[in-house]
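Report on the following structure.
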Amino acid sequence: MNIKSKVLIIAGSDSSGGAGIQADIKTVNSLGSYAMTVITAVTSQNTIGVLSIFSVPPLEISKQIEYTSNDIKPDAIKIGMLGDVKVIKSVLNSLSKIKAKKIVLDPVMVAKGGERLINKSSLKILREKLIKKVTLITPNIPEAEILTNKLINTKEDMIKAGKKLIKMGAKNVLIKGGHLKSKFIYDILLEKNKISVFKNKKINSKHTHGTGCTLSSAIATYYSCGKSLKKSCENGIKYVHQAISSAPKYGKGHGPINHLNSIYIKKKFR
Ligand code: PXL
């Protein structure tokens, strides 16, 4: 198989391999593209929780972005965990230098176990600067509630929140509906003058660690290959759905999903 495109991932490391940079690399590779990485933080964690977070100095983050991209130009960028204001400022500065066009931002705020992955002062710069600089943001319901300061209980609330985020300067918004209690999951994409609803059966599973990271990377990968935003979201959602259905059930807590669900191994490599 030939490599289809190049994706730069800016995110934190998850030692348990289910979320963060590890989920991102597995996703980009499993969908046929080349992954480059910028590590923003090192977390020690397992499926039960996060033990500690070690932040990478902002200058080192900028160097990773600029030095790597100046040589191998990414076709798209996925941004995950950023942590604090200085990191966000460095990322913003470096992104403008490398003139990146297709950027997907997963506004990571809390881990599956409830641990905060971003501090409070970062919210302001996330809201006022970062969301305006990227092509797509992919908040889940709790993240959309924090970003808009409004509670979300229904599909209609999700659309309202998406519209508000666009008023706040976001270019395109995918609000993920997995946190609403219903038989189906509705993920809603708001583009400038268009709303698309993706409806899928909800899979009841505790093994959903890293689904947000995985989805945003999958979308960035499809988008990097030239698919439309809508098609990229639709395909990314399908990939995550199948990855949850075939999760390997590792660990005692929220285990990882099956990133390899898209891969078929040729006979000679079996
Ligand atoms: O899924 C959010 C997330 C993002 N980045 C890192 C994480 C997690 C959740 O655990 O560990 C590094």
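Specify the residue that is nearest to the ligand (Cβ to nearest atom); the eligible residues are those in the stretch 1-24 that are part of a loop (DSSP other than H, G, I, E, B) and buried (at least 18 other Cβ atoms within 10 Å of the Cβ). For the stretch 1-24, the residue satisfying everything is ALA19. Considering SER15, SER30, the condition of being among the small types (Gly, Ala, Ser), closer than 21 Å to THR208 by Cβ and touching a His at 6+ places or on another chain (Cβ under 8 Å) is satisfied by SER30 alone. Counting only residues that are outside any loop (DSSP other than H, G, I, E, B) and out of contact with any Lys or Arg (no Cβ under 8 Å at 6 or more places or on another chain), which one in the stretch 106-121 is farthest from the ligand (Cβ to nearest atom)? Residue satisfying both the conditions and the ranking: SER121.
Applying the criterion of being loosely packed, with under 15 Cβ neighbours inside 10 Å and charged (D, E, K, R) to the residues of the stretch 87-113, the residue that is farthest from LYS176 (Cα to Cα) is LYS97. Among the criteria (1) more than 16 Å from the ligand (Cβ to nearest atom); (2) loosely packed, with under 15 Cβ neighbours inside 10 Å, the one LEU136 does not fulfil is (2). A count restricted to the stretch 141-174 and to residues that are acidic (Asp, Glu) and touching a strand residue (DSSP E or B) at 6+ places or on another chain (Cβ under 7 Å) stands at 0.
Looking at this structure, is ILE53 within 10 Å of the ligand (Cβ to nearest atom) and either acidic (Asp, Glu) or surrounded by fewer than 24 Cβ atoms within 10 Å (Cβ to Cβ) (or both)? Yes.
When each of GLU143, GLU156, GLU128 is tested for being within 16 Å of the ligand (Cβ to nearest atom), among the acidic types (Asp, Glu) and either surrounded by 13 or more Cβ atoms within 10 Å (Cβ to Cβ) or in a helix (DSSP H, G or I) (or both), the lone residue that passes is GLU143. For the stretch 34-50, a residue qualifies if it is touching a helix residue (DSSP H, G or I) at 6+ places or on another chain (Cβ under 6 Å) and more than 10 Å from the ligand (Cβ to nearest atom), and the qualifying residues are ALA35, MET36, THR37, VAL38. Within the stretch 198-208, if we keep just the residues that are without any contact (Cβ under 8 Å) to a residue 60 or more places away in the chain and within 16 Å of the ligand (Cβ to nearest atom), the residue that is nearest to the chain's Cα centre (by Cα) turns out to be HIS207. Residues that are part of a loop (DSSP other than H, G, I, E, B) and in contact with a strand residue (DSSP E or B) (Cβ under 9 Å, 6 or more places away or on another chain) were ranked within the stretch 209-233; the one that is farthest from the ligand (Cβ to nearest atom) is CYS225.
Looking at the structure I just gave you, is THR27 within 12 Å of the ligand (Cβ to nearest atom), outside any loop (DSSP other than H, G, I, E, B), of a type in the set (Ser, Thr, Tyr) and buried (at least 20 other Cβ atoms within 10 Å of the Cβ)? Considered against the rule, which asks whether it is within 12 Å of the ligand (Cβ to nearest atom), outside any loop (DSSP other than H, G, I, E, B), of a type in the set (Ser, Thr, Tyr) and buried (at least 20 other Cβ atoms within 10 Å of the Cβ), THR27 comes out as no. Give the residue that is surrounded by the fewest Cβ atoms within 10 Å (Cβ to Cβ), with candidates limited to residues of the stretch 57-69 that are closer than 23 Å to ASN29 by Cβ and more than 15 Å from the ligand (Cβ to nearest atom). Of everything passing the filter in the stretch 57-69, TYR67 is surrounded by the fewest Cβ atoms within 10 Å (Cβ to Cβ). Considering only residues in the stretch 90-105 that are at pLDDT 95 or above and not in a helix (DSSP H, G or I), the one that is nearest to the ligand (Cβ to nearest atom) turns out to be LEU105. Candidates are the residues of the stretch 77-89 that are under 22 Å from ILE25 (Cα atoms) and in a helix (DSSP H, G or I); the one that is farthest from the ligand (Cβ to nearest atom) is ILE88.
The values are calculated or read from the model by the stated rules, or taken from the named source; none is laboratory data. Not measured: the values here are computed from a predicted model. Quick reminder, even Gly has a Cβ in these numbers, built from the backbone with ideal geometry, and neighbours come from all protein chains shown.
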